[in-house]
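The values are calculated or read from the model by the stated rules, or taken from the named source; none is laboratory data. Quick caveat: nothing in here was measured; it's all calculated off a predicted structure. Note: ideal-geometry Cβ built from the backbone for every residue, glycine included; neighbour counts use all protein chains shown.
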Amino acid sequence: MSFEGKKFENRAEIGDLFFLATYLAHLNTQYSILNPQPSTLNPQFSNLKSEYGENEFMDIKILVAAHKKYWMPTDDVYMPLHVGAEGKEPLGYTPDNTGDNISAKNPNYCELTGLYWAWKNLDCQYIGLCHYRRYFGRRVHTKDIEKKKGAIFHREDYEKLLQKYDVILPVKRNYYIETVRSQYEHAHYKKDLDEVEKIIAEKYPGYSDAFTRVMNRRKLHILNMFVMKKSLFDEYCTWLFDILFELEKRTDMTGYDTYESRLFGFMSERLFNVWLERQNLKKCEVPVVFLENIDWPKKIAEFLKRKMAGRREI
């Protein structure tokens with residue numbers, strides 16, 4: 001038996017296949033995170049009465065990060081944001097290259113150029129981030145894109161949740177047979193994660209224990225999606241970008257391909273969880289509606305490839 005020319009000859013590799021079977025058995029759970037199963041919000045939310053009058057709204061801005069023209073929700077809570085707008089043709093969305101910005105760094109920072117722009121330039125009470133293909137919403141099991149669109153949260157959904165919780169987050173991804181640390185080391189470059197650990201120890205030693213705990217777990221909030229108070233978001237961005245800008249100074253990305261050059265976007269997903277670990281916040285996990293269908297055979301093949309290849313080095 002072989003995979004990509006690699007023979008499975010020892011017990012350790014056979015063991016990996018056994019654990020992979022467990023991983024595959026739980027794909028429905030992973031699938032439900034991005035294409036959730038039928039359900040509705042917890043009934044407790046439907047009984048909550050808004051503190052705001054019929055014609056008064058909470059000041060919420062949910063950024064929808066996009067790098068190309070795509071369908072957008074019409075609810076006024078959403079704000080389409082052109083990330084990496086610097087040097088690109090306008091999309092008709094708010095660009096992230098005005099005021100204080102890092103739009104030109106988008107190939108390395110991904111949606112974080114949008115977060116930086118919002119941190120420095122946007123005034124609102126609550127702020128959140130979704131992606132042009134991924135939104136917070138209700139569980140719906142279908143390939144019908146119109147039904148998926150119908151499951152996406154509206155303003156009233158966010159208002160009800162934000163009256164009860166400090167932060168709205170996507171359901172965690174479960175890596176099952178890998179820790180957060182080992183998954184990163186198999187998928188990306190270990191040296192970058194090691195360097196971030198050093199930076200945290202130097203600049204924010206109070207977060208070192210939180211970093212270790214997060215790295216040793218098997219579950220992670222991914223996608224950089226959230227909704228929280230803007231004041232809390234500002235605190236997070238101050239911490240996050242201080243670490244990432246220091247990592248940028250110390251990192252030689254010579255030889256990184258286009259995918260691995262997205263280093264700071266990948267790293268921020270882990271750092272967000274580290275930051276959350278130290279905050280005393282009431283958290284609410286919500287399903288993510290993925291508008292496009294997922295190519296599971298491709299994802300499984302990529303997972304196997306990373307697992308069998310071992311740690312990435314450069």
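Summary table
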{"item": "Near pairs, Cβ below 9 angstrom, 6+ apart or cross-chain, from the range 199-215 (in a helix (DSSP H, G or I) and surrounded by 13 or more Cβ atoms within 10 Å (Cβ to Cβ)) to any residue that is polar (S, T, N, Q) and at pLDDT 95 or above", "result": "Ile200/Ser208; Ala210/Asn273; Val214/Asn273; Met215/Thr179; Met215/Ser182"}
{"item": "Hey, Lys143 at pLDDT 95 or above and over 19 Å from Asp59 (Cα atoms) or not", "result": "no"}
{"item": "Within the range 10-114, helices (runs of 4 or more DSSP H) holding 2 or more residues that are at pLDDT below 50 and crowded, with 18+ Cβ neighbours inside 10 Å", "result": "27-34"}
{"item": "Subset of the range 226-242 [over 15 Å from Ile102 (Cα atoms) and among the aliphatic types (A, V, I, L, M)]", "result": "Val227, Met228, Leu232"}
{"item": "Test: residue in the range 252-271 that is modelled with pLDDT under 95 and buried (at least 17 other Cβ atoms within 10 Å of the Cβ)", "result": "no"}
{"item": "All positions within the range 144-166 that are in a helix (DSSP H, G or I), more than 19 Å from Lys230 (Cα to Cα) and of a type outside the set (A, V, I, L, M)", "result": "Glu146, Lys147, Lys148, Lys149, Gly150"}
{"item": "Residue among Leu162, Leu112, Leu129, Leu169 that is in contact with a His (Cβ under 6 Å, 6 or more places away or on another chain) and under 26 Å from Glu285 (Cβ atoms)", "result": "Leu169"}
{"item": "Qualifying positions in the range 156-173 - touching a strand residue (DSSP E or B) at 6+ places or on another chain (Cβ under 9 Å) and buried (at least 16 other Cβ atoms within 10 Å of the Cβ)", "result": "Asp157, Tyr158, Glu159, Leu161, Leu162, Tyr165, Val167, Ile168, Leu169, Pro170, Val171, Arg173"}
{"item": "Any pair with Cβ under 9 angstrom, 6 or more apart, that starts in the range 73-85 at a residue that is on the phi > 0 side of the Ramachandran plot and ends at one that is outside any loop (DSSP other than H, G, I, E, B)", "result": "Gly84/Ser103; Gly84/Ala104; Gly84/Lys105; Gly84/Asn106; Gly84/Pro107; Gly84/Tyr109; Gly84/Thr113; Gly84/Gly114"}
{"item": "Near pairs, Cβ below 8 angstrom, 6+ apart or cross-chain, from the range 248-261 (aromatic (Phe, Trp, Tyr)) to any residue that is surrounded by fewer than 15 Cβ atoms within 10 Å (Cβ to Cβ) and not in a helix (DSSP H, G or I)", "result": "Tyr256/Ile314"}
{"item": "Which listed residue, of Asp192, Asp234, Asp257, Asp242, is closer than 28 Å to Ala104 by Cβ, of a type in the set (Asp, Glu) and assigned to a loop (DSSP other than H, G, I, E, B)", "result": "Asp257"}
{"item": "Search result, residues across the range 60-91 that are farther than 21 Å from Ala151 by Cα and among the β-branched types (Val, Ile, Thr)", "result": "Val83"}
